[in-house]
Amino acid sequence: MTTTDQSVSLWQPDVLGHGYECLDLPLTADEEGPVKATLVRHAPPVSEAAPHGILDFLGSFTKRKRRSAPADPGGAPRVVLYLHGWADYFLQTELAEYLTASGFHFYALDLRKFGRSLLPGQTPGYTSDLGVYDEDLAAALTEIERDVASRTSNATPPTIHLLAHSLGGLIAALWADRNPGRVGTLILNSPWLELQGSSLVRSIAMHLVEPFARTDPKRPFRFPEMPAYWESVSNEAHGEWILDPVWRPRTSFPIRAGWTKAVLAGHATVERKLNIDAPVLVLLSGRTRIQAEWTAELMRADAVIDVEQTSRRALGLARRTAVFRYPGALHDVFLSRRTVRQQAYRDVAVWLAAYPY
């Protein structure tokens with residue numbers, strides 16, 4: 001049996017159901033024991049039509065192209081790899097099905113200690129160095145290249161378009177800066193590029209966190225519970241999405257000293273400006289509203305990051321950067337109300353068509 005045959009046999013049905021499969025990616029063990037990442041692929045049978053709900057709003061741009069499996073018109077296969085945010089995992093099936101219908105191979109990665117990759121005894125979401133995710137991304141890209149080659153019989157390495165949300169957006173931006181030439185484009189959905197407030201607040205926070213990060217890095221900080229954003233998303237409250245209570249808890253994961261230091265260091269790197277060689281598209285809500293208690297206004301605003309500060313930071317990521325604003329969007333633009341997310345899907349498809357290679 002070839003290596004490719006072995007990898008194909010290890011794909012398993014995913015929790016998202018029909019058309020979704022997942023694959024464990026073993027990683028180097030750490031002080032808590034074995035570690036893995038999990039790759040998810042959207043792979044509907046070739047004979048299936050695109051889902052009816054997707055076709056309702058594909059629009060003329062994608063209707064001309066719709067197909068259940070991506071076609072490779074003589075060039076490199078085109079891949080979108082999705083990266084989730086903090087206390088999060090991949091669940092955006094509508095996004096996956098839209099992009100598959102638009103001609104892309106769609107994959108998503110649950111990073112170590114998040115979502116599908118969270119193992120018993122692990123500290124959820126914890127790391128003291130955002131650079132550790134380089135191993136997760138390297139393993140995912142290796143498997144994607146192998147998988148696409150086996151599914152398309154095309155030996156040309158695929159063009160990877162990295163689409164990342166919130167903390168995943170920070171991780172992806174730092175990774176793309178360190179790894180020129182690896183992605184065709186970078187799309188950041190409400191990336192967490194700066195601490196809420198300002199660089200001055202971040203500097204003060206770093207000085208406060210540093211002693212704990214050095215002596216007791218997994219020490220959890222006590223903060224007021226902020227479940228309002230969860231309530232805007234979950235179908236158990238005011239949203240429309242089914243959320244796993246372990247993988248995406250109502251009050252998030254505990255915030256720990258070592259992790260906080262790692263994130264603040266990432267923000268400081270972004271402030272000094274990056275030099276990402278790929279075109280960058282940043283999607284943001286029209287406004288921010290951060291509060292502990294849920295109100296109806298939170299259904300039309302970003303309740304997590306400062307979108308104005310993020311917009312300014314975004315312009316320092318790369319020479320070619322575009323910022324698209326969506327009035328009425330949630331923190332995750334792709335989990336916003338239907339009319340908002342439909343527009344974002346179309347914008348992303350047009351953007352990817354403009355930068356195919």
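ARG112 meets all of the listed conditions (1) touching a Ser or Thr at 6+ places or on another chain (Cβ under 7 Å); (2) modelled with pLDDT of 95 or more but one, namely (1).
Checking each residue in the stretch 8-27 for being out of contact with any Phe, Trp or Tyr (no Cβ under 9 Å at 6 or more places or on another chain), among the aliphatic types (A, V, I, L, M) and assigned to a strand (DSSP E or B) picks out LEU25, LEU27. Restricting attention to the stretch 85-95, the residues being closer than 20 Å to ARG338 by Cα and either part of a loop (DSSP other than H, G, I, E, B) or in contact with a helix residue (DSSP H, G or I) (Cβ under 6 Å, 6 or more places away or on another chain) (or both) number 4.
Selection within the stretch 128-182: residues that are among the hydrophobic types (A, V, I, L, M, F, W, C), touching a strand residue (DSSP E or B) at 6+ places or on another chain (Cβ under 6 Å) and assigned to a helix (DSSP H, G or I). The member of this set that is nearest to ALA344 (Cα to Cα) is ALA172.
Applying the condition of being out of contact with any helix residue (DSSP H, G or I) (no Cβ under 6 Å at 6 or more places or on another chain), surrounded by 12 or more Cβ atoms within 10 Å (Cβ to Cβ) and more than 23 Å from GLN122 (Cβ to Cβ) to the stretch 10-44 and asking which residue is modelled with the lowest pLDDT yields PRO44.
From the set of residues in the stretch 241-271 that are out of contact with any helix residue (DSSP H, G or I) (no Cβ under 6 Å at 6 or more places or on another chain) and either without any contact (Cβ under 8 Å) to a residue 12 or more places away in the chain or among the aromatic types (Phe, Trp, Tyr) (or both), which is surrounded by the fewest Cβ atoms within 10 Å (Cβ to Cβ)? It comes out as PRO245. For the condition under 13 Å from the mean Cα position of the chain (by Cα) and over 20 Å from ARG41 (Cβ atoms), what is the one hit in GLY121, GLY181, GLY169? Testing whether each residue is under 13 Å from the mean Cα position of the chain (by Cα) and over 20 Å from ARG41 (Cβ atoms) leaves just GLY169.
Checking each residue of the stretch 293-304 against the condition of being of a type in the set (Gly, Ala, Ser) and under 22 Å from ALA354 (Cα atoms) gives no match.
Check whether at least one residue in the stretch 133-140 is in contact (Cβ under 8 Å) with a residue 60 or more places away in the chain, at negative phi, of a type in the set (Gly, Ala, Ser) and in contact with a Lys or Arg (Cβ under 8 Å, 6 or more places away or on another chain), and report yes or no. No, the stretch 133-140 has no match at all. Looking across SER7, SER47, SER60, one residue alone is surrounded by fewer than 18 Cβ atoms within 10 Å (Cβ to Cβ) and modelled with pLDDT of 50 or more. It is SER47.
In the stretch 276-298, of all residues being out of contact with any Pro (no Cβ under 8 Å at 6 or more places or on another chain) and polar (S, T, N, Q), the one that is nearest to PRO191 (Cα to Cα) corresponds to THR288.
Screening HIS165 on (1) at pLDDT below 95; (2) crowded, with 24+ Cβ neighbours inside 10 Å shows it passes everything except condition (1).
Under the condition of being in contact with a helix residue (DSSP H, G or I) (Cβ under 9 Å, 6 or more places away or on another chain) and surrounded by fewer than 16 Cβ atoms within 10 Å (Cβ to Cβ), the residues counted in the stretch 219-235 number 3. When ALA318 is tested against (1) under 20 Å from LEU167 (Cα atoms); (2) touching a residue at least 40 places away in the same chain (Cβ under 8 Å); (3) over 20 Å from the mean Cα position of the chain (by Cα), only condition (3) is not met. Scanning the stretch 145-160 for residues that are closer than 18 Å to LEU39 by Cβ and either loosely packed, with under 15 Cβ neighbours inside 10 Å or in contact with a helix residue (DSSP H, G or I) (Cβ under 8 Å, 6 or more places away or on another chain) (or both) turns up ARG146, ASP147, ALA149, SER150, PRO157, PRO158, ILE160. Among the residues of the stretch 327-357, which ones are surrounded by fewer than 24 Cβ atoms within 10 Å (Cβ to Cβ), within 12 Å of SER285 (Cα to Cα) and small (Gly, Ala, Ser)? Residues satisfying the conditions are GLY328, ALA344.
The values are calculated or read from the model by the stated rules, or taken from the named source; none is laboratory data. Just so you know, these numbers come straight off a predicted model, no measurement behind them. In this analysis, Cβ positions are derived from the backbone assuming ideal geometry, glycine residues included, and neighbour counts consider all displayed protein chains.
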